[in-house]
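What follows is calculated from the coordinates using simple rules that are stated; it is not laboratory data. What you see is a predicted model; the values in this text were computed from it and never measured. Cβ sites come from the backbone with ideal geometry, for glycine too, and all protein chains shown count toward neighbours.
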Amino acid sequence: MTLARVQPQLGRWLSWLAALLIALPAWANPADFQITHYDVRIEPDFARRAISGRATLRLIASAAQASQLTLDAGALQIDSVQENDRPIPYRRAEQKLLLSLPPAAQAGQVRELVLHYHGTPTEGLQFSDDRAQVSTAFSTSHWMPCLDAPSQRATLALTLVLPAGMAAVANGGLAGTEPLANGKVASRWLLHQPMPSYLYGFVAGDFRVLSQTSGATTLRFMAPPGFSADQLQQVFRDSADMLRFFEAKAGVPYPFADYTQVLLRGAAAQEMSGFSVMGERYGQRVLQDATRLWLGAHEFSHQWWGNGLTNRSWEHFWLNEGIASFMTAAYLEHRFGASAYQEQIDAARAKYEALRQAGHDKSLVFTNWDAPTAEDRSLVYDKGTYVTHLLRQHLGEQAFWDGLRAYTRQYWGQSVQTADFQQAMERSSGRDLSGFFDRWVYLTAR
């Protein structure tokens with residue numbers, strides 16, 4: 001995420017995100033099964049920086065006699081796989097888990113697998129140096145076996161077993177807590193809206209927690225105890241305004257009862273379903289300069305563009321990041337005026353022009369996203385921002401915002417590709433945009 005107001009530390013963190021995304025597979029739907037629900041129980045071991053877990057996967061057979069399932073499982077150690085208490089044969093192939101199930105009796109058959117596992121993840125899960133915090137980061141398959149493809153959506157039930165007194169947030173809503181005999185507490189979180197697994201996550205640790213109500217939504221703010229309650233309120237004082245702005249521009253209300261923004265020890269910058277994480281330095285920057293809201297607004301915008309609508313494969317990644325970055329600039333325009341917007345657009349254009357002049361310009365729809373370069377990542381964010389701005393200019397205010405709203409509403413809860421975006425904008429505006437997309441998005445215009 002390379003934009004003007006992002007600090008060097010954040011840039012390094014986001015480069016790490018991009019590097020991790022290289023490892024995310026771009027393969028299509030699995031041939032034999034669709035996973036519709038995960039029920040996962042995780043117990044972090046703070047002293048050992050390890051986890052133990054149990055995952056129950058609900059599957060639907062897509063064809064009669066379906067029997068093969070491949071999961072992403074990082075470096076997790078698999079202890080057992082069972083169906084109806086019967087062992088299921090499996091083998092590892094690098095970071096994949098290959099399962100051989102008894103053939104399905106018929107297409108549409110619902111089945112459940114139970115996996116027990118443990119591990120000391122070096123990716124996807126981070127413990128703070130003081131052992132006072134654990135948080136997930138990008139690669140979900142490093143802490144729970146799953147399908148890591150963005151086109152795969154499933155609901156999630158996540159139970160966290162934590163030391164008593166720890167604050168936590170996870171996807172969906174808190175369904176309840178249960179004191180355990182060992183002095184720990186199990187909290188259960190339910191995500192009822194199907195989401196891609198890369199948006200699953202949790203945070204737990206020693207945090208100050210505040211909340212406020214904005215319409216039908218409860219906004220929660222979490223930060224290390226070094227932030228006072230007044231400081232925490234100051235850092236996130238514009239969150240309610242962001243919520244109203246993005247809801248209005250999307251034409252879709254925020255889909256959950258709660259949205260939580262977390263300041264983590266160390267560097268962080270990630271959206272997840274129902275919450276986002278940022279490094280505590282973001283909070284310090286906002287305390288010093290109330291206009292430095294880029295990161296908080298960007299991650300909030302992803303609840304619509306990136307989460308509500310998700311790129312069908314990483315080749316269309318700009319639909320997540322380019323549009324979300326543009327919407328961040330649009331929010332800054334709303335909050336601080338036209339000059340704040342123009343500053344963001346000028347920065348995105350300058351970075352894109354430098355890449356173009358160096359011969360690194362490419363279609364925003366990549367032929368693959370297996371090994372993106374730093375230039376490729378800049379194109380997704382910076383060129384994506386600039387091209388969306390140019391589309392706004394090309395269509396005019398009314399037609400552009402009507403089109404974006406129609407696109408968001410039509411594909412809400414779905415995975416999209418660039419053609420969906422183009423066609424939605426064309427239908428709404430009544431204009432043929434093939435020339436614009438050929439020139440700026442696909443680079444096929446002569």
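Here are some notes:
- The equivalent ellipsoid of segment 142-249 has semi-axes of 25, 23, 12 Å, largest first, where each one is the square root of 5 times an eigenvalue of the Cα gyration tensor.
- FRET efficiency estimate (nearest 0.05) - Cβ-Cβ, residue 432 to residue 288, R0 45 angstrom: 0.40
- Kirkwood hydrodynamic radius of the chain, from inverse mean 1/r over distinct Cα pairs, in Å: 22.6 Å
- For segment 64-115, the spread of Cα coordinates along the three principal axes comes to 33, 20, 14 Å, biggest extent given first.
- Here's how it looks for residue 69: its modeled amide H is under 5 Å from those of 99, 101, which are all 5 or more places away or on a different chain.
- Beyond 25 Å, the tail of the calculated P(r) for segment 20-145 holds 27 percent of the Cα pairs.
- Alpha-carbon centroid distance for the pair segment 315-336 / segment 119-196, whole angstrom: 28 Å
- Per-q log10 I(q)/I(0), segment 207-308, q = 0.18, 0.19, 0.21 Å⁻¹ (Debye; single scatterer per alpha-carbon; no solvent): -0.78, -0.88, -1.08
- Report summary: the helix-based calculation at 222 nm, which adds -39500 (n - 2.57) for every DSSP H run with n ≥ 4 and divides by the residues of the chain, gives -9500 deg cm²/dmol.
- For residue 414, the residues 5 or more places off, or on other chains, whose built amide H falls under 5 Å of its own are 310.
- Normalised size of segment 311-442, defined as Cα radius of gyration per 2.2 N^0.38 Å with N residues, equals 1.01.
- Sparsely packed trypsin sites (Lys or Arg not before Pro) within segment 203-299, loop by DSSP, other Cβ within 10 Å at most 15: 237
- Where labels lie 7 Å past Cα in the beta-carbon direction, separation of residue 106 and residue 406 in nm: 4.2 nm
- Ordering of 182-192, 38-48 by packing [mean C-beta count within 10 Å, highest first]: 38-48, 182-192
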